[in-house]
């Protein structure tokens, strides 16, 4: 088995647009794959430890991601992944999962925005300005280099300055810095939240304009929208079935179905739409398999697991 480090993955230079295409391709084989709901252990103080397994159809791969959040650790959110040959069960690669987590999440959000935003969308509000938000905006910008984006940022500590500097090379966007949720949400065509913890809801019902698209990447803070938004989309129904207001969604579809049947997407320019891409192992495993195919195995370090080579008796 090989080891694929965070540095080695970054050095592959995979383009954000490629990440979006990987998400779309993975969702096209979702129906043939096996995707049990993630197993989550949650503790006080927003600590969680999730196990995410998947069988990926097509290339025949098993994979699992372990992702955890410990606020006293820096960074608080970390993940590791394992990939196995689906035909003989042999372990192929152990990998750092942080780049995969950030880019598949951002690419998934960007794909959903491209498919579901209203036709004249131009104002994009971002709350939570970590790597996931950066990945989302990178994918949006590189997907549509000729579109102009007005990007609102909710001021938080010193994160705004670093976020703006990251996108200094792009000439098709301008930034607005706001200091309240109301200023962020009111009039925004698309609202993207990538905060990993939230107490209560972020916005009052009246703040969300007709036609608004809300993408709460880590699902926190928009439960009130469940009750009055016209349509809800997700990456996997079983992963959100336990949501408090699941039975009260007006219309619910998976993004994989929208990709195959575009008529299941936005029906009206005035529809308010909510997207719960909660994060599924299908995308993680697909990304890792693509990275494994791109990797130069001659230079990757090998890991000897000391696996049992023959049947034994105790």
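Residue-normalised convex hull volume from the C-alpha trace of the range 108-215: 98 Å³ per residue.
Give the separation of the Cα centroids, the range 145-206 to the range 216-263, in Å. With the range 145-206 and the range 216-263 each reduced to a Cα centre, they are spaced 22 Å.
With 0.36 nm allotted per residue and the present C-alpha distance subtracted, the residue 73-residue 308 stretch has 81.1 nm of extension available.
Residue separation times 0.36 nm, minus the C-alpha to C-alpha distance between residue 252 and residue 296: what's the value?
Details: separation 44, 0.36 × 44 = 15.84 nm, distance 4.22 nm.
The residue 252-residue 296 span can extend by a further 11.6 nm.
Using only Cα atoms, find the angle between the long axis of helix 16-28 and the longest principal axis of the chain, and express it within 0 to 90 degrees, rounded to the nearest 10. Its long axis makes an angle of about 80 degrees. Relative to the longest principal axis of the Cα atoms of the chain, the long axis of helix 281-294 makes an angle of roughly 60 degrees.
Counting only helical runs of four or more DSSP H residues, what would the 222 nm mean residue ellipticity of the chain come to if each run contributes -39,500 (n - 2.57) and the total is spread over all its residues?
That calculation yields -8500 deg cm²/dmol at 222 nm.
Kirkwood radius, the chain, all distinct C-alpha pairs, inverse of mean reciprocal distance: 20.4 Å. The modelled label-to-label distance between residue 122 and residue 146, using points 7 Å beyond Cα along the C-beta direction, is 1.7 nm. Among rounded, prolate and oblate, which fits the range 1-84 when a ≥ b ≥ c are the square roots of the eigenvalues of its C-alpha gyration tensor, a/c under 1.5 means rounded, and a/b larger than b/c means prolate? Judged from the Cα gyration tensor, the range 1-84 comes out oblate (a/c at least 1.5, b/c at or above a/b).
Using C-alpha pairs under 8 Å with a sequence gap of at least 6, the mean separation divided by the residue count of the range 73-173 gives a relative contact order of 22 percent. Spin-label pair residue 238-residue 12: with each label point 7 Å from Cα along the Cα-Cβ axis, the two points sit 2.7 nm from one another.
Output the peptides 2-12, 272-282 sorted from most to least packed, where packing is the average of other Cβ atoms within 10 Å over each peptide's residues. Please report the intermediate quantities before stating the final value.
Numbers: 2-12: 15.2, 272-282: 24.6.
Going by the mean number of other Cβ atoms within 10 Å, highest first, we get 272-282, 2-12.
Computed from Cα positions, the angle between helix 98-116 and the longest principal axis of the chain comes to roughly 40 degrees.
A short reminder: the numbers here are calculations on the coordinates, not readings from a lab. None of the values given here were measured: they were computed from a predicted structure. Every residue, glycine as well, gets a Cβ built from its backbone with ideal geometry; the counts of neighbours run over all protein chains shown.
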